[in-house]
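Here the structure is laid out as structure tokens; the discussion comes afterwards.
The values are calculated or read from the model by the stated rules, or taken from the named source; none is laboratory data. Everything quoted here is computed from the prediction, not taken from an experiment. Using ideal geometry, Cβ is built from the backbone for each residue, glycine included, and neighbour counts are taken over all protein chains shown.
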Amino acid sequence: MKWYLGIDVSKGYADFVLLSEDLEKMEETFQLDDTRSGHEKLKNWLESIFKRHPGLQIDGAVESTGGFENNWYSLIVGLSSKLAIRVARLNPSVVKNASKALLNANKTDAESARDIASYLKRYEDQVDYTSPESQYAAFRSLDNHLQLATKQKTQVINELKQLLYSSFPELQRFCKQGVPNWVLDLLQRYPSPSKLAKIKPEKLSKLKGVTMEKAEKLIEKAKASVSSRDTLTDEFLITAMAAEIAQKQQTVKKLKVYLAENCKGRETELLQSIIGIGAYSAAAIMIQIEDVKRFASPKELASYFGLHPLIKISGDKKMESRMSKQGRPAIRAILFMCANSAVLADSHMRSIYARHRAKGKSHKHTIGIIMHKMIRIIWGVLHHQQPYDSKVDAINQQKNQEQPLHAEIKETASKRRIQDFDAEAPISRIATKKRKVHATSQAGDAGLVRDLVHEPDR
């Protein structure tokens, strides 16, 4: 006998519901505080349930809510050593979509708990009960703070650039890719064109990153500035913003260094065998993956990172695929940088990049393809526990060059389980071409297949 425990977590408390295999409520929904007393009450309640129902198995779940679920999750994991209970973490969006599919319009804490318990029953084969409390999970809070600091830094940079447009527009040309450290130093000392115009080039050139030539040009531009705002308030705000950005940059740097030096393991070593992935990137990736066994295939891992393509096909129309971009954008930003580095440093990746660029794809689109490629490599390296070898990958790539053609033939044939192809059917020229390809492949004429695939519509 198996029952399902749904736990809807809020800040400081949680709602609980227990459903039978028929999704009938076994007891009334109740609420407990995230305190010692609340934890003891949950423990006593669960023990009483198992005493009254020998042989019972309870599957429970919490949604990942940014850390509010950790205490409840840890409590039940601890109880699982002596009680027949296990607990999983669920993606809130997955539970939400499942609830929408059942047309559940009501939204209360009690209903949310019921949705969680119901999901456990309806999608039993998709729920992972393995404990994610790996050595990498311990660094998740630190990584979350790092992402927050990075986001805050970006926000202040955007505000500063907006203010500079009116108060010091001549500096804008140096801030197209963020704000350089020398600009931050300059703004903390000379936050307006009027102040900078009074400085000697020799003094300004003492700033790190400012040559004598650059100093002369900056002073010249300051004297001829088209600034529409030059007030003490703006000067104060610019100085404060520049100092804040510099401080945030130091915080981000320290956190990255700490992760790179302390978040280590066999997995991070394997990831660093992939050209383009350094110590920090490897740590950040493993914090998200935790255990590669959670993902049955590279496709699942790509989907988890929001890198899987979304393709729409209807009749003869196949819309251009695009990246789903679901999941955390921070990890995709890291993979984006890794992909760019890989293209520069790895001849194999560079050849893949060149091939897709030759097909007319943009740089950004092609880097997205490289990112997806790297995800497959990451999964393979972790799954097989073997370092990456670009030569082996290149050989496998060569073997699969004809795969798209065969895949198209296989896809066309798989849809015709009941009726054979009819040459007289009122179908489009595109569909006719596909059928010719299939018919020819069945006859074993591979050369003609390629010709048919590329023949123009008549």
Quiz item: Name the residues in the stretch 24-34 that are at pLDDT 90 or above and not polar (S, T, N, Q), would you?
Solution: 24, 25, 26, 30, 32, 33, 34
Exercise. Please determine, by comparing only the residues of the stretch 369-397 that are polar (S, T, N, Q) and part of a helix (DSSP H, G or I), which one is modelled with the highest pLDDT.
Key: 390
Quiz item: With (1) more than 21 Å from residue 146 (Cα to Cα); (2) at pLDDT 95 or above; (3) not basic (Lys, Arg) as the list, and residue 278 as the residue in question, which single condition is left unmet?
Solution: (1)
Quiz item: Which of the residues spanning the stretch 223-248 are outside any helix (DSSP H, G or I), hydroxyl-bearing (Ser, Thr, Tyr) and crowded, with 16+ Cβ neighbours inside 10 Å?
Solution: 225, 227
Quiz item: Hey, residue 150 hits all of (1) modelled with pLDDT under 90; (2) under 22 Å from the mean Cα position of the chain (by Cα); (3) buried (at least 16 other Cβ atoms within 10 Å of the Cβ) but one; which does it fall short on?
Solution: (1)
Practice problem: Confirm whether residue 49 is of a type in the set (A, V, I, L, M, F, W, C) and either closer than 26 Å to residue 138 by Cα or loosely packed, with under 15 Cβ neighbours inside 10 Å (or both). | Solution: no
Quiz item: Yes or no: residue 244 of a type in the set (D, E, K, R), touching a residue at least 24 places away in the same chain (Cβ under 8 Å) and more than 17 Å from residue 169 (Cα to Cα)?
Solution: yes
Self-check item: Residues of the stretch 67-101 satisfying the condition of being under 19 Å from residue 138 (Cβ atoms), touching a Lys or Arg at 6+ places or on another chain (Cβ under 7 Å) and hydroxyl-bearing (Ser, Thr, Tyr)
Solution: 73
Quiz item: Mind checking which residues of the stretch 366-394 are farther than 21 Å from residue 354 by Cα, aliphatic (A, V, I, L, M) and touching a Phe, Trp or Tyr at 6+ places or on another chain (Cβ under 7 Å)?
Solution: 381
Practice problem: Scan the stretch 344-366 for residues that are under 20 Å from residue 271 (Cβ atoms) and crowded, with 21+ Cβ neighbours inside 10 Å and jot them down. | Solution: 349
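Can you confirm whether residue 61 is outside the structural domain of residue 294 (by TED's automatic domain parsing), in contact (Cβ under 8 Å) with a residue 60 or more places away in the chain and either acidic (Asp, Glu) or surrounded by 18 or more Cβ atoms within 10 Å (Cβ to Cβ) (or both)?
Numbers: outside the structural domain of residue 294 (by TED's automatic domain parsing): yes; in contact (Cβ under 8 Å) with a residue 60 or more places away in the chain: yes; either acidic (Asp, Glu) or surrounded by 18 or more Cβ atoms within 10 Å (Cβ to Cβ) (or both): yes.
The answer is yes for residue 61.
When the residues of the stretch 249-286 are narrowed to those that are outside any helix (DSSP H, G or I) and among the polar types (S, T, N, Q), which ends up nearest to the chain's Cα centre (by Cα)?
Restricting attention to the stretch 249-286, the residues satisfying the condition of being outside any helix (DSSP H, G or I) are 263-265, 272-278.
Still in the list and also among the polar types (S, T, N, Q): 272-273.
Details: 272: 19, 273: 21 Å.
Taking the candidates together, the pick is 272.
Please go through the stretch 80-104 and pick out each residue that is in contact with a Leu (Cβ under 7 Å, 6 or more places away or on another chain) and either surrounded by fewer than 19 Cβ atoms within 10 Å (Cβ to Cβ) or not assigned by TED's automatic domain parsing to the domain that holds residue 44 (or both).
Just the residues of the stretch 80-104 that are in contact with a Leu (Cβ under 7 Å, 6 or more places away or on another chain), to begin with: 83-85.
The answer is 83, 84.
Residues are listed down the side, and each one gets a yes or a no for (1) out of contact with any helix residue (DSSP H, G or I) (no Cβ under 7 Å at 6 or more places or on another chain); (2) of a type in the set (Phe, Trp, Tyr):
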| site | (1), (2) |
| --- | --- |
| 3 | yes, yes |
| 30 | yes, yes |
| 40 | yes, no |
| 47 | yes, no |
| 73 | yes, yes |
| 81 | yes, no |
| 85 | no, no |
| 92 | yes, no |
| 120 | yes, no |
Exercise. Could you grab me the full set of residues in the stretch 287-310 that are assigned to a helix (DSSP H, G or I) and more than 12 Å from residue 375 (Cα to Cα)?
Key: 287, 288, 293, 294
Quiz item: residue 68 passes all but one of (1) more than 23 Å from residue 125 (Cα to Cα); (2) of a type in the set (A, V, I, L, M, F, W, C); (3) in contact with a Phe, Trp or Tyr (Cβ under 6 Å, 6 or more places away or on another chain); which number fails?
Solution: (3)
Quiz item: For the stretch 125-144, how many residues meet the condition of being touching a helix residue (DSSP H, G or I) at 6+ places or on another chain (Cβ under 7 Å) and assigned to a helix (DSSP H, G or I)?
Solution: 4
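Suppose we filter 200, 195, 107, 121 for residues that are over 30 Å from residue 256 (Cβ atoms), modelled with pLDDT of 90 or more and not assigned by TED's automatic domain parsing to the domain that holds residue 227; which single one remains? Step through it out loud before you land on a result.
Details: 200 fails: not assigned by TED's automatic domain parsing to the domain that holds residue 227; 195 fails: not assigned by TED's automatic domain parsing to the domain that holds residue 227; 107 fails: modelled with pLDDT of 90 or more.
Of 200, 195, 107, 121, the one residue that is over 30 Å from residue 256 (Cβ atoms), modelled with pLDDT of 90 or more and not assigned by TED's automatic domain parsing to the domain that holds residue 227 is 121.
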Self-check item: Residue under evaluation residue 209, criteria (1) part of a loop (DSSP other than H, G, I, E, B); (2) surrounded by 16 or more Cβ atoms within 10 Å (Cβ to Cβ), criterion not met
Solution: (2)
